[in-house]
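The values are calculated or read from the model by the stated rules, or taken from the named source; none is laboratory data. In this text the structure is predicted, and so the values were computed from the model without any measurement. So basically every Cβ, Gly included, is an ideal-geometry build from the backbone, and we count neighbours across all protein chains shown.
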Amino acid sequence: MTDAVRLTAVRKVYGRRDNEVVALDGVTTRFGRGTFTAIMGPSGSGKSTLLQCAAGLDQPTSGSVLLEDHELSEMDETELTALRRERIGFVFQSFNLLPVLTVRQNVTLPLRLAGRRPAAGRVSAALDQVGLGTRGHHRPSELSGGQQQRVAIARALITDPAVIFADEPTGALDTRTARDILALLQRSAQDAGQTIVMVTHDPVAASYADRVLFLADGRLAGELRAPTAESVAERMTRLGAFTDERPLSRAGTNREGQR
């Protein structure tokens, strides 16, 4: 399996000298093509910083980030912007849709910004893929939260990116809608061969991934292959992320909706 993204000895430090905060401390990992990885850890463990460095949204203090054949540290901001536009998709908790644009216009925005026109039928195919084939002329305010997130996923898919980075994509959604969104991301990896890298705090969301990477204090703290909600919650408890024996989030269901 070839790598879509590879991080080598990535270190990210904020502040200077006696006021330094080490967000990432020598992280080395890789994300294979067509895989779905969840990143988890206690608050302040470096999850979002890892995602931002891997996506070229932030520059590491030291170390290497390779996305396909591109060494991000060797690219200027213009080159990084072009790379993100063409090879990377983003899905965020807040959807980030433009309210004055229709669904179709929001989906095609990355292509329009790149000066490209979508191939005939490409937008309709993307909307059909996320179950919104009849909503192309609606505006975001006319959609539910789950439908807006589906638009955001279609927008991320429209450029056929190598990697989709998702930051808490189900955090603002109800349980049933969250399951639908996670299954959609899962299919994007399994069927379309996209690499999904998702930051989440939810063991149930993480159970949809092929593996879970755990961070603690800016360092890798292990991983799980073929995770279940229960095994993820147990590992997170050992890392100190969960301080009590509360039920699993999202009603303690696994990916089939069962306890």
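Structural remarks
- Looking only at region 131-167, and only at residues there that are surrounded by fewer than 19 Cβ atoms within 10 Å (Cβ to Cβ) and acidic (Asp, Glu), the one that is farthest from Arg187 (Cα to Cα): Glu142
- Residue count for region 28-52, restricted to those that are farther than 14 Å from Ala216 by Cα and not β-branched (Val, Ile, Thr): 9
- Wholly within region 1-104, strands (runs of 3 or more DSSP E) carrying at least 3 residues that are over 17 Å from the mean Cα position of the chain (by Cα) and of a type in the set (A, V, I, L, M, F, W, C): 3-14, 21-32
- Among the helices (runs of 4 or more DSSP H) confined to region 121-193, there are none with at least 1 residues that are of a type in the set (A, V, I, L, M, F, W, C) and more than 30 Å from Asp3 (Cα to Cα).
- Of all residues in region 190-222, those that are of a type in the set (Asp, Glu) and surrounded by 16 or more Cβ atoms within 10 Å (Cβ to Cβ) total 2.
- Glu71 free of Cβ contacts under 8 Å to residues at least 24 places away in the same chain, surrounded by fewer than 19 Cβ atoms within 10 Å (Cβ to Cβ), touching a strand residue (DSSP E or B) at 6+ places or on another chain (Cβ under 7 Å) and not hydrophobic (A, V, I, L, M, F, W, C): yes
- All positions within region 215-259 that are aliphatic (A, V, I, L, M) and modelled with pLDDT under 70: Ala241, Leu248, Ala251
- In the set (1) of a type in the set (A, V, I, L, M, F, W, C); (2) closer than 28 Å to Gly240 by Cα; (3) exposed (fewer than 15 other Cβ atoms within 10 Å of the Cβ); (4) modelled with pLDDT under 95, Val22 fails one condition alone, (3).
- Pair list, Cβ under 8 Å, 6 or more apart: region 98-124 residue under 14 Å from Ser141 (Cα atoms), other residue among the hydroxyl-bearing types (Ser, Thr, Tyr): Pro99/Ser141
- Considering residues of region 76-111 that are farther than 23 Å from Ile196 by Cβ and either of a type outside the set (Asp, Glu) or touching a Lys or Arg at 6+ places or on another chain (Cβ under 9 Å) (or both) only, the residue surrounded by the most Cβ atoms within 10 Å (Cβ to Cβ): Arg104
- Pairs linking a residue in region 176-196 that is closer than 11 Å to Phe36 by Cα to a residue that is surrounded by 14 or more Cβ atoms within 10 Å (Cβ to Cβ) and acidic (Asp, Glu), with Cβ atoms under 8 Å and 6 or more positions apart or on different chains, are Ala189/Asp210.
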